Every structure is written in C-alpha cells, then in structure tokens.
Amino acid sequence: MKMKLLYTYLSSDLTLIEKELEETIQAESNLLRQASLHLLKAGGKRIRPVFVLLGGKFGNYDINVIKNVAVSLELIHMASLVHDDVIDDAELRRGQPTIKAKWDNRIAMYTGDYIFARALELMTKIENPLAHQILSDTIVELSVGEIEQIKDKYNFDQNLRNYLLRIKRKTALLIAASCQLGAVVSGVPEKDHRKLYQFGYYVGMSFQITDDVLDFTGTEKELGKPAGGDLLQGNITLPVLYAMEDEQIRTKIMSVHENMDRQELDEILNMIQDSGAIEKSLNLSDRYLDKALSILGELPPNKAKKSLQDIAKFIGKRKY
C-alpha cells in the first residue's frame, strides 16, 4: 500500500501543488532551471505539503492561500537536500544522480540557494506575522542541526541525547512546522495549531528514526542509494548508537572510514543488524508514534484527523 492512498481526496490539490512547484523554480538561467527541475523530477514523498494541507483542513481551508505555504515548505526541504548532497559528497538521490554529481559542487550550492530564495519569495504572499515567525525559527534550527551533524561526523563518543536533538532540528521541526503552518494560515485556534505542531514533531522523530533504520535494512533499489551510506559518511544514527553498547561491535564500528572496502562495511552492517539494535530503534520510533496518536485524540474530529492518524501508522510500518 502506498501512503498517498490514505488521502486520495487531496489528489487534485496535490496535483496543483506539483504544478506550482515546477512553475516556482523556473529561472531565467537555463542552467539553474535544469538543475532545479532535475531534483524535482526525481520525485519524493511530498509529505510536508500533505501535512500543510491536512493542517489547513482544521480551519478555513483555501487552496489558493495554503498552496503558497505547501510549496514553500517543500522547496525549503528540497534546498536542504541539495546542500546535504554537497556536504555528504553523495552521488545518488532518489535513485538519480545528485545535482552535484551531474554538474558540480558550485552549481549545486547556488541551485540550493536559488530554490531556498524562491521558497521565501513565495511566503511573502502570506500576510500573517506568526507564520513568518514559525518559519524563520524553524530554518534557524534546521541550520543548527546541519552544523551539528557536520561537527559530529565520525564522533563515536556521542550519546542518545545528541542524536535526538540533531534529528529534531534536521527533520522533525520542519514536519512540525508544516502541520502548524497549514493550520495557522487557515485560522485554526492556537490551542489546536499547537497540538498539530506537537503531532508533527512526534511523527517527524519517528519518521527520521525509521529512515535511519532503513539505511541498514533496505536494498539499494529501495533506498535509491547504497545501504549503510550514513555510517560510511560518519553519520552516527540510532542503530549504531545502540549497537555500540556491545564493546566488540563498537571497536569494529570505530574503524569505519569513507574509503572503507564494501565487503568490510557489509560485515559491520550485518553485525549491527544481528545486535538487536534495529529492534530497539524501532521500539523508540513506536513510542514517538504513540505520543503523536495521543495528541491527535485531543483534536476535533474530521476527515483530516483520520488521515493524520493513518499516515502516522503507515510511517511506523513502512519498509522503504
């Protein structure tokens, strides 16, 4: 089952979002346009626009207003991916060559900047100071999260708190903001848009933990990139932290470096899979999902609430 089947009634609005995404990243520069479209055409879950639209369904939903927020949030996410691929020296994204691989680092960095600027330009159509405050605070935290990840590369002495704070900033807060901003621009009362923010935060934490698990359990075809890429790049994720509780595995993991032989890396990946770290990580993911579902119970009933509930449950069960 695909996640988009959980909100088919949003299909026409999401088609409009896709069209707006393509129109927004058009540029006078042929190179900028090609590079931006290259990432867009590679696809993606579009989970942030979906959360924006569902958040808006709790208030006075107007697609002509809320589309600006949905497109902006997705563009900010896209821009961060372009910059991530430069930092990680990644060759593949969603099974396609990254912008930095197809062109070069300089083109990738300016393309990311361009996409980000277009996102902010689009948000100027929203005449709501709170919406802009939420978005700017989120971008600040996102930037800090990216810096923390760079700082912690190959740092095998970090702890669970470091990891959770990092994924909060890198992933969860943008999803939380998506849920909240859709509600804010639709006039949803503060008590409810704050609950939507909390829901998005808990779902975002679970989403990233699951992604980090999939990096060890998924195939290259499923992931769109080689398995174990995070560890090879020095990103210490939750399964690695749990596996390192075993001193023998910890010693092996600490030998990882970016030019490591693939066979040697696969042996370490197998050790992590057999350590119980995957199951332990998924257990923490489930605890975040339980919190998300509990928050949902406090929101007024409607079709969007059921969709948010179904999406949360889907995230907990997804395999790739």
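The values are calculated or read from the model by the stated rules, or taken from the named source; none is laboratory data. The structure displayed is predicted, hence computed values, not measured ones. With ideal geometry, Cβ positions are generated from the backbone for all residues, glycine too; neighbour counts draw on all protein chains shown. Accessible surface is based on the protein model in full, side chains and every heavy atom, while ligands, DNA and RNA are left aside. Shrake-Rupley method; radii C 1.70, N 1.55, O 1.52, S 1.80 Å.
Find the relative contact order for the stretch 111-177 and round it to a whole percent, using C-alpha pairs within less than 8 Å whose residues are 6+ positions apart.
Working: 30 pairs, mean separation 26.4, N = 67.
Reported as a whole number, the value is 39 percent.
If I stretch the segment between Asn105 and Lys41 completely, what's the gain in nm (0.36 nm per residue apart, minus their alpha carbon distance), one decimal? Before the final figure, lay out each step's value.
Working: separation 64, 0.36 × 64 = 23.04 nm, distance 1.97 nm.
Going from the current span to full extension adds 21.1 nm.
Please report, in whole Å³, the volume per residue of the convex hull around the C-alpha atoms of the chain.
Working: hull volume 38.9 nm³, N = 320.
About 122 Å³ per residue, rounded to a whole number.
What accessible area, in Å² to the nearest ten, does a 1.4 Å probe give for Thr8?
About 80 Å², ignoring ligands and nucleic acids.
Can you pick out the pairs among Lys151/Lys317; Lys100/Lys170; Lys280/Lys305; Lys4/Lys153 whose Cα atoms lie more than 27 Å from each other? List each step's numbers first, then the result.
Working: Lys151/Lys317 32 Å; Lys100/Lys170 21 Å; Lys280/Lys305 29 Å; Lys4/Lys153 34 Å.
Beyond 27 Å: Lys151/Lys317; Lys280/Lys305; Lys4/Lys153.
By per-residue mean of other Cβ atoms within 10 Å, what is the highest-first order of 78-88, 172-182, 129-139?
Highest-to-lowest ranking by the protection proxy: 172-182, 78-88, 129-139.
In nm, what is the difference between 0.36 nm times the number of residues separating Asp261 and Lys153 and their Cα-Cα distance?
37.0 nm
Which percent of the accessible heavy-atom area of the chain goes to carbon and sulfur, probe 1.4 angstrom? Walk me through the intermediate numbers first.
Details: 7370 of 14790 Å².
Here carbon and sulfur together make up 50 percent of the probe-accessible area.
Round to the nearest 0.05 the FRET efficiency obtained for Ser136 and Glu245 when R0 = 41 Å and r is the Cβ-Cβ distance.
Values: r = 39 Å, r/R0 = 0.95.
FRET efficiency, Ser136 to Glu245: 0.60.
Anything in the chain that counts as a DSSP H helix reaching 30 Å or more along its axis (C-alpha) with Kyte-Doolittle mean of at least -1.0? List them, would you?
Membrane-span-like by this rule: 63-87, 129-151, 190-217.
What does the accessible area per residue of the chain come to in Å², with a 1.4 Å probe and no ligands, DNA or RNA counted? Don't skip to the end; give the middle numbers.
Numbers: 14790 Å² over 320 residues.
Result: 46 Å² per residue.
How much accessible area does Met244 have with a 1.4 Å probe, in Å² rounded to the nearest 10?
The accessible area of Met244 comes to roughly 10 Å².
Could you give the longest part of the chain that holds none of the GluC sites (Glu not before Pro) found in DSSP loops with at most 13 neighbouring Cβ atoms within 10 Å? If you can, show how the numbers build up before the last one.
Working: sites that count: Glu28, Glu127, Glu245, Glu258, Glu298.
The segment 128-244 is the longest one with no such site.
How do Thr219, Thr15 stack up against each other in accessible area, from largest to smallest, with a 1.4 angstrom probe? Please list the in-between numbers first.
Details: Thr219 65, Thr15 95 Å².
In descending accessible area the options line up as Thr15, Thr219.
Net charge near Ala277, counting Lys/Arg +1 and Asp/Glu -1 over other residues with Cβ under 10 Å of its Cβ? Show your work: numbers first, answer last.
Numbers: positive: Lys280; negative: Glu245, Asp246, Asp274, Glu279.
That works out to -3.
Below 8 Å between Cα atoms, with a sequence gap of 6+, how large is the relative contact order for the chain in percent? Write down the numbers at each step before the final one.
Numbers: 450 pairs, mean separation 63.3, N = 320.
RCO, the chain: 20 percent.
Keeping all protein chains in place and using 1.4 angstrom, which order do Tyr110, Tyr197, Tyr288 fall into by accessible surface area, from largest down?
Numbers: Tyr110 155, Tyr197 75, Tyr288 25 Å².
Most to least solvent-accessible, the answer reads Tyr110, Tyr197, Tyr288.
Using a cut-off of 12 Å between beta-carbons, work out the net charge of the residues near Ser72 (Lys and Arg +1, Asp and Glu -1, Ser72 not included).
Working: positive: Arg48, Lys67, Arg118, Lys125; negative: Glu20, Glu74, Glu121.
It works out to a net charge of +1.
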